[in-house]
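The values are calculated or read from the model by the stated rules, or taken from the named source; none is laboratory data. Small disclaimer: the values here were computed from a predicted structure and weren't measured. Neighbour counts run over all protein chains shown; Cβ positions are idealised from the backbone, glycine included. Accessible surface is based on the protein model in full, side chains and every heavy atom, while ligands, DNA and RNA are left aside. Shrake-Rupley method; radii C 1.70, N 1.55, O 1.52, S 1.80 Å.
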Amino acid sequence: VEFLKEGFLEIFGLDTTEWPIVVPTPCPQQGAGDDCALFVCKYMECLSKKNIIGLPFSQADMDLIRGKLAWAIIKEVNRKKAHKSSGEEAVEKIVSLLDEAYTLPSLY
């Protein structure tokens, strides 16, 4: 922790000497397996919401959390695809309008 505090001072110029060190108790622990990324995501979610008292997850929740994370990723990918598709349609309409403009008879 002291190393990180010194790093914040050196890199960002932030004086962290007065920042309290809070260790959540109990702190959920990853069981055997490959859920470390999910634990990091949940810790960061709780920290971002300043909800570090009694962290509301455990190893038993990982299947549900994995499903929710997959669902969120799928929704975001689909949203971006839909946005891109509507953008492509708009470009096609602009191009077709330009093409029509060029096919109009000349007034001169």
Ordering 44, 62 by how much accessible area each has at a 1.4 Å probe, largest first, what is the list?
44, 62
Low-density loop cleavage sites - GluC sites (Glu not before Pro) in segment 9-76, where at most 15 other Cβ are within 10 Å (DSSP):
18
Cα-based reach from residue 42 at 16 Å (exclusive), listing lysines while leaving out same-chain residues under 8 positions away:
50, 68
Sum up the charges of everything whose Cβ sits under 15 Å from the Cβ of residue 59, counting Lys and Arg as +1 and Asp and Glu as -1, but leave residue 59 out.
-2
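Estimate the FRET efficiency between residue 2 and residue 83 by the formula 1/(1 + (r/R0)^6), using the beta-carbon distance for r and 41 Å for R0, to the nearest 0.05. Don't skip to the answer; put the middle values down first.
Values: r = 45 Å, r/R0 = 1.10.
Here the calculated transfer efficiency is 0.35.
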